[in-house]
Amino acid sequence: MNHETMQHLQAMAIRVRESIIRMATNGGCFIGASLSCTDLVVYLYTRFLNVNKDNLEDPQRDYLFLSKGHDVPALYGTFAEIGILEKDRLRNHLTARDDLYLHPNRNVPGIEFHAGSLGHLLSVATGVALDCRLRGQGNRVVVITGDGELDEGSNWEACLIAAAQKLDNLVIVVDRNAFQANVETEALIPLEPLGDKFEAFGAGVRRVDGHDFAGMDAAFSAVPFCGGKPSVVIADTVRGRGVPSIERRADRWFCDFTADEVEALVRELHGEAGAELTSETLIVR
Amino acid sequence: MTYQHKLKEIVLSDPKYLVMTAENRGPLRNIIDDLGSRFLDVGIMEQGMIGTAAGLALRGRVPIVHSLSCFLTMRAFEFVRTDVGLGKLPVKMTGTLAGFLSEANGPTHQSIEDIGLMRMIPNVNIFCPADELELCEALPIILESPQPWYIRFNPRRPVERATVAFAVGQAEVVRKPGEVTILTYGALFEQAYAAALRLERNGISTGLINMRTLKPVDECAVVAAAKESGLLVIVEDHLSTGGLYSIVCETLVAQNCCCPVVSLSLNQRWFKPLLYHDVLDFEGFSGEKLAERIAAAWEGLASQEPG
């Protein structure tokens, strides 16, 4: 990846993060997980997936399923950047005049399927990948899961099916931000060694820094990692990435900030001093 | 008194109680440390939690499990039915964010079939508190019961009014049956109460019944309301099939009792995801909107009567 491309992606990711922060008010959003997967989503839509505003109905397009649906602000922000969603619509978040709410739904252009109940879309993506293969089409099917989401047993059932069907057109991306909703994953339901688990379930696995575009480029260029096997990219990320005031804070998962806090967080994103946050921390799911 | 404090008081009073959650810590956030080893977070796995709770109950424990209502009643449904219901185990299942309380989360999180699902399971009882005070008052009785219970968790503040002591299977007649009588439960009680006052001011005498336990249901209260009113209005943030409207219709048919019944509920659809009061307004369930809809139903009924 050349320097110019890298700078382009980094600048876009900053703009998407700003959009996410601006959605974390007047009702709020799941800001922590949205910021952890931002670079992944920006990378995938600009460099990996054959998806654009003109081919959203094309059966030959690639697919991205966001299984940990609560990070949908990262999708809204990215879609606004690449022309799939009108930028003005981001201001409609949580209002009756639009369908931009806390989880994905198909009234929003570019969203392939609704999500929100964890552990659903890995099996849905498996079905889509299976049909693409049965039709002899070359689509790639990507599904982003959370790491806490992997607690749900349905994910592992889908892995067994995908391996049995030898779906090497399926790419499972784990946003490994190391947090459940309220606590660190390793303190509650330890997932490591996560790569070994996926390998034991029949996948090819690579681990990358989910904020390093060059590293992601190297990994995704090598898909499928093993012929005849689904690929798993475990992307190590930081919850709340880009805004140190909320990075890795268990209590800043779902946030509903005041207007002043939003402006302070945006300034912090752009390199100014850390925001002082006084709004109530919310621990819900 | 909050749910958390009442729960902690009861749980710490007897080692048979265990508090469990499938990483839904919101309703427990302030008591987790105090509960110590009597608290178990199993992670995001509702089926696993219900099965584990059943195993604990087989050994004499009374687990009080917590999850979002949608995942508790739907994802884990067969485990609730087969392990808890068929096993007749005293597992207490607290479902959060039911009905309109899921606000802007969207249809994946909208638990609007929970009453229908849970009441179909033999042995499983259902409690739908109108507010947190009622929840706290009933909690010792529910937890001490040998039955499995589904609790439609509701942390909203109570409406200021005189209340009747909680008893299983007894509805609370808040306002005596009138020309119109509203039957409701859970968080919408607050809005139904406001609607009843508004209707009364507008010249329509209006009764109000807080159903409290939907299973066992207070059949006597339902039949009495039907006999004494010109119209029963069911108000619920639930699908119109399977919930209180179904319960009332089944009860009236079984008791050979006939009365016009109107259902203000969700008819084969999910609701618009918005913040709570925006949902109430958009969907026509604020006190004001309910009063308008009920008045229209009552006037429509009156205009149909012969002569």
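The values are calculated or read from the model by the stated rules, or taken from the named source; none is laboratory data. Here the structure is a predicted model, which is why all the values come from computation and not from measurement. Quick reminder, even Gly has a Cβ in these numbers, built from the backbone with ideal geometry, and neighbours come from all protein chains shown. Only protein heavy atoms, including side chains, enter the accessible area calculation; ligands, DNA and RNA are left aside. Shrake-Rupley method; radii C 1.70, N 1.55, O 1.52, S 1.80 Å.
Computed values, structure above
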item: Residue in the range A:88-97 that is outside any strand (DSSP E or B), touching a residue at least 60 places away in the same chain (Cβ under 8 Å) and within 14 Å of chain B (Cβ to nearest Cβ) present; result: yes
item: Enumeration of residues in the range B:26-44 that are open to solvent by 50 Å² or more (accessible area, probe 1.4 Å) and either outside any helix (DSSP H, G or I) or not assigned by TED's automatic domain parsing to the domain that holds B:PHE79 (or both); result: B:ARG29, B:ASN30, B:LEU40
item: Qualifying residue in the range A:238-259 (condition: open to solvent by 50 Å² or more (accessible area, probe 1.4 Å), among the charged types (D, E, K, R) and more than 12 Å from A:ILE31 (Cα to Cα)); result: no
item: Pick from the range A:176-213, criterion of a type outside the set (A, V, I, L, M), touching a residue at least 24 places away in the same chain (Cβ under 8 Å) and within 18 Å of A:SER67 (Cβ to Cβ), ranking: surrounded by the fewest Cβ atoms within 10 Å (Cβ to Cβ); result: A:PHE201
item: Candidates B:PRO158, B:PRO148 - the one that is closer than 26 Å to B:MET74 by Cβ and over 13 Å from the mean Cα position of the chain (by Cα); result: B:PRO148
item: Verdict on B:GLU23 being closer than 28 Å to A:LEU150 by Cβ, in a helix (DSSP H, G or I), of a type in the set (Asp, Glu) and within 14 Å of another protein chain (Cβ to nearest Cβ); result: no
item: Some residue of the range A:115-134 being open to solvent by 10 Å² or more (accessible area, probe 1.4 Å), touching a strand residue (DSSP E or B) at 6+ places or on another chain (Cβ under 8 Å) and either free of Cβ contacts under 8 Å to residues at least 40 places away in the same chain or within 14 Å of another protein chain (Cβ to nearest Cβ) (or both); result: yes
item: Near pairs, Cβ below 9 angstrom, 6+ apart or cross-chain, from the range B:71-99 (without any contact (Cβ under 8 Å) to a residue 12 or more places away in the chain) to any residue that is in a strand (DSSP E or B) and among the charged types (D, E, K, R); result: none
item: Test: residue in the range A:100-112 that is outside any loop (DSSP other than H, G, I, E, B) and touching a Leu at 6+ places or on another chain (Cβ under 9 Å); result: no
item: Residue in the range B:264-286 that is charged (D, E, K, R) and in contact (Cβ under 8 Å) with a residue 40 or more places away in the chain present; result: yes
item: Residue count for the range B:63-97, restricted to those that are in a loop (DSSP other than H, G, I, E, B) and within 14 Å of another protein chain (Cβ to nearest Cβ); result: 2
item: Test for B:ALA302: is it of a type in the set (Gly, Ala, Ser), more than 14 Å from chain A (Cβ to nearest Cβ) and in contact with a strand residue (DSSP E or B) (Cβ under 8 Å, 6 or more places away or on another chain); result: no
item: Tally, over the range A:160-175, of residues that are farther than 15 Å from A:LEU118 by Cα, outside any loop (DSSP other than H, G, I, E, B) and either of a type in the set (D, E, K, R) or over 19 Å from the mean Cα position of the chain (by Cα) (or both); result: 5
